[in-house]
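The values are calculated or read from the model by the stated rules, or taken from the named source; none is laboratory data. What you are looking at is a predicted structure, and each value in this text was computed from that prediction instead of being measured. Neighbour counts run over all protein chains shown; Cβ positions are idealised from the backbone, glycine included. Ligands, DNA and RNA are excluded from the accessible area calculation, which covers all protein heavy atoms including side chains. Shrake-Rupley method; radii C 1.70, N 1.55, O 1.52, S 1.80 Å.
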Amino acid sequence: MFENYGFTVAERFLRYVQVDTQSDPGSATQPSTEKQKNLGRLLVKELQEVGLADAVLDEYGYIYATLRANSDKSVPVICFCAHMDTAPDCTGQGVRPIVHSQYDGGDLVLPDDPAQVISPREHPYLSVRKGDDIITASGTTLLGADDKAGIAVIMDTVHYLLAHPEVKHGGVRILFTPDEEIGRGVNKLDMARLGADFGYTLDAGERGTLEDETFSADAMTITFHGVSAHPGYGKDKLVNALKVAAAFIDSLPKAEWSPETTDERYGFVHPVRMSGIAEKAVVELIIRDFFTAKLAAYEAHLRDKVEDAVAAWPGASAEVVVAEQYRNMKEVLDQHPQVSEFAREAIRRAGLEVRESSARGGTDGSRLSFMGLPCPNLFTGEMAFHGKHEFVSVQDMQKSVETCVHLVSVWEERS
Ligand SMILES: [Zn+2]
């Protein structure tokens, strides 16, 4: 199917990464940075040029577009989703992508800062991709493969399907979101306008990867109250909230329940912010596990630790507030097993082995799944994201395009 196809994914990718789309967690606007719309406008123009006439960039920075069905069958509407922003952790200004053709398996020294070396010792997947064309940044910025690889894959999938009307498919909705990296990717999403039945985010790494599971996540905010008094005359009166908060944090488990000591299937509790004065201190934590039911156990344990800390400082008090953040998408996907099953079939048709994986974090897909769009995550080849060592294989991106094409065709066949 693809022997004679001139893939456009790499050329598109090189164009998109040069547009700075860094999001900003400190901004209250939506999108958090106006510059994300610069890429948005470019993408809408490209979508309209290939014939997706309804392509639109809305005021919140979302792009919606439709590839119309070419099948007479009644096929569920599938959404392909990717995010336009790049991580706040590393600058995305002036990205200069470099193609290392037929990568030789050695260290990749980045020319604009030769201290930046991408080594297969640190990134074993690089060795696996020896012989591929590897794209990196130049040493002073991130690359932005997360998630412009996903955007380029979706754009090339559309390009392929328009050029090959013999591949039958139902309606395909394209969704590009802003602000995924700061956890606001779906805040202003209009589900009715999207009008899709099932979705796939294109935002995972190694070829063949299907992520159908994420953490379940809560946030906990603990406010410790002390008793203020003039420190010169504070004997037997003053209670310092900072000391109570510090005692609480020190009492947290260290060898377990911590992100620095756990991996794979284990969850954790993690203090992410602490602020305060002697009179009042606030500790914010995030709580993560693949089993939603376990979150309550962590929370009960944390409440006990809060009580212990407060009891050790007579006069102190504390309040605990828990807020739900997102839930493991598997709870939704298990009710729609065909969504992941068709993805596995598409990956196999692209000649790859399926690599099942669980995301130790959330994706836009975890929230979309609970908003009514069951939405696992598919590979694009993006690796080592959020830093200067980010890289992607051109051949992996092409395999991702093949997978998406097979996927819409599997949906049509099985409908
Ligand atoms: Zn991403």
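Laid out as a table, the results:
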quantity: Test: residue in segment 259-268 that is surrounded by 12 or more Cβ atoms within 10 Å (Cβ to Cβ) and more than 17 Å from ARG360 (Cβ to Cβ); calculated: no
quantity: Pairs where the first residue, in segment 204-225, is more than 18 Å from ALA359 (Cβ to Cβ) and the second is open to solvent by 10 Å² or more (accessible area, probe 1.4 Å) and assigned to a loop (DSSP other than H, G, I, E, B), C-beta under 8 Å, 6+ apart; calculated: PHE224/ALA316; HIS225/GLU279; HIS225/ALA316
quantity: Test: residue in segment 73-81 that is within 16 Å of the ligand (Cβ to nearest atom) and open to solvent by less than 10 Å² (accessible area, probe 1.4 Å); calculated: yes
quantity: Any chance ALA192 is of a type in the set (Gly, Ala, Ser), in a loop (DSSP other than H, G, I, E, B) and more than 15 Å from the ligand (Cβ to nearest atom); calculated: no
quantity: Conditions (1) over 29 Å from ARG129 (Cβ atoms); (2) exposed (fewer than 15 other Cβ atoms within 10 Å of the Cβ); number of the one not met by GLU353; calculated: (1)
quantity: The one condition in (1) more than 17 Å from ALA359 (Cβ to Cβ); (2) within 16 Å of the ligand (Cβ to nearest atom); (3) open to solvent by 30 Å² or more (accessible area, probe 1.4 Å) that GLU181 fails to fulfil; calculated: (1)
quantity: Qualifying positions in segment 269-283 - open to solvent by 60 Å² or more (accessible area, probe 1.4 Å) and either over 20 Å from the mean Cα position of the chain (by Cα) or polar (S, T, N, Q) (or both); calculated: ARG273, MET274, ILE277, GLU279, LYS280
quantity: Verdict on TRP313 being at pLDDT 95 or above, in a loop (DSSP other than H, G, I, E, B), surrounded by 13 or more Cβ atoms within 10 Å (Cβ to Cβ) and out of contact with any Cys (no Cβ under 6 Å at 6 or more places or on another chain); calculated: yes
quantity: Scan of segment 143-174 for residues that are within 16 Å of the ligand (Cβ to nearest atom) and either of a type in the set (D, E, K, R) or surrounded by fewer than 24 Cβ atoms within 10 Å (Cβ to Cβ) (or both), ordered by number; calculated: ASP146, ASP147, LYS148
quantity: Residue satisfying condition, being within 16 Å of the ligand (Cβ to nearest atom), touching a His at 6+ places or on another chain (Cβ under 9 Å) and of a type outside the set (Asp, Glu), within set PHE391, PHE379; calculated: PHE391
quantity: Filtered residue count, segment 1-50, keeping only those that are in a loop (DSSP other than H, G, I, E, B) and not charged (D, E, K, R); calculated: 21
